[in-house]
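I'd like to ask you about the structure that follows.
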Amino acid sequence: QRSQPVSLADGRLPVVRHYVIIHTDEGIDGLYGPIVYEEQADIIVKRIKPFLIGQNPLDIERLWDQMRVDRHGRSGYFMMALSAIDCALWDLRGKYYNAPVYRLLGGPTRTQIPVYASTLGFPIEAGAAGK
């Protein structure tokens with residue numbers, strides 16, 4: 001049971017984020033997040049975690065086959081939870097091989113990419129954020 005956030009003294013609510021961390025017995029951790037706690041954490045802990053315990057985290061493709069043994073769809077909360085695990089496993093693999101994940105996936109395919117950024121109503125001038 002997840003408890004509700006407690007208000008700070010001034011009435012504000014603290015910002016809380018939840019992350020997936022996969023620990024190994026070799027001391028390497030894989031990280032992904034933040035995740036949507038209510039929709040993914042329960043699935044990860046109750047349904048997916050048992051498939052990972054004691055397994056080689058570098059065998060991502062084999063683990064995928066086992067973790068989605070009872071799933072045929074490609075959407076929904078279960079697949080969102082699997083995606084979070086997948087990203088954490090790739091982070092772990094990159095740390096293990098001391099290489100960026102894009103290199104493990106075959107390397108760069110472009111020298112430049114178009115970029116879009118939104119400031120979501122925040123000022124973009126340096127130093128203006130506190131005003």
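The values are calculated or read from the model by the stated rules, or taken from the named source; none is laboratory data. These numbers come from a predicted model, not from an experiment. Virtual Cβ from ideal backbone geometry, glycine too; neighbours counted across all protein chains shown. The accessibility values were calculated without ligands, DNA or RNA, using every heavy atom of the protein model including side chains. Shrake-Rupley method; radii C 1.70, N 1.55, O 1.52, S 1.80 Å.
Yes/no matrix, rows are residues, columns are (1) at pLDDT below 90; (2) touching a strand residue (DSSP E or B) at 6+ places or on another chain (Cβ under 9 Å):
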residue	(1), (2)
Gln4	yes, no
Ser7	yes, no
Gly11	yes, no
Ile21	no, yes
Glu26	no, no
Pro34	no, yes
Gln40	yes, yes
Val45	no, no
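Something else: Which pairs turn up if I take residues in region 103-126 that are within 27 Å of Arg93 (Cα to Cα) and look for partners that are open to solvent by less than 100 Å² (accessible area, probe 1.4 Å) with beta carbon separation below 7 Å, at least 6 apart in sequence or on another chain?
Close Cβ pairs satisfying both conditions: Leu104/Arg93; Leu104/Gly94.
Mind checking whether some residue in region 31-48 is open to solvent by less than 50 Å² (accessible area, probe 1.4 Å), without any contact (Cβ under 8 Å) to a residue 40 or more places away in the chain, within 21 Å of Val101 (Cα to Cα) and under 18 Å from the mean Cα position of the chain (by Cα)?
No, region 31-48 has no match at all.
Suppose we filter region 49-61 for residues that are more than 14 Å from Val20 (Cα to Cα), open to solvent by 80 Å² or more (accessible area, probe 1.4 Å) and of a type in the set (D, E, K, R); how many remain?
The qualifying residues number 1.
Now for a separate question. Pick from Arg74, Arg110: which is over 17 Å from Asp29 (Cβ atoms), under 19 Å from the mean Cα position of the chain (by Cα) and either open to solvent by 80 Å² or more (accessible area, probe 1.4 Å) or modelled with pLDDT under 90 (or both)?
Arg74
In addition: Is there any pair with a first residue in region 16-30 that is free of Cβ contacts under 8 Å to residues at least 24 places away in the same chain and open to solvent by 60 Å² or more (accessible area, probe 1.4 Å) and a second that is of a type outside the set (Phe, Trp, Tyr) and assigned to a strand (DSSP E or B) whose Cβ atoms are under 8 Å apart and which are 6 or more apart or on different chains, and what are they?
If the second residue must be of a type outside the set (Phe, Trp, Tyr) and assigned to a strand (DSSP E or B), the pairs left are Arg17/Gly33; Arg17/Pro34; Tyr19/Leu31; Tyr19/Gly33; Tyr19/Pro34; Tyr19/Ile35; His23/Asp29.
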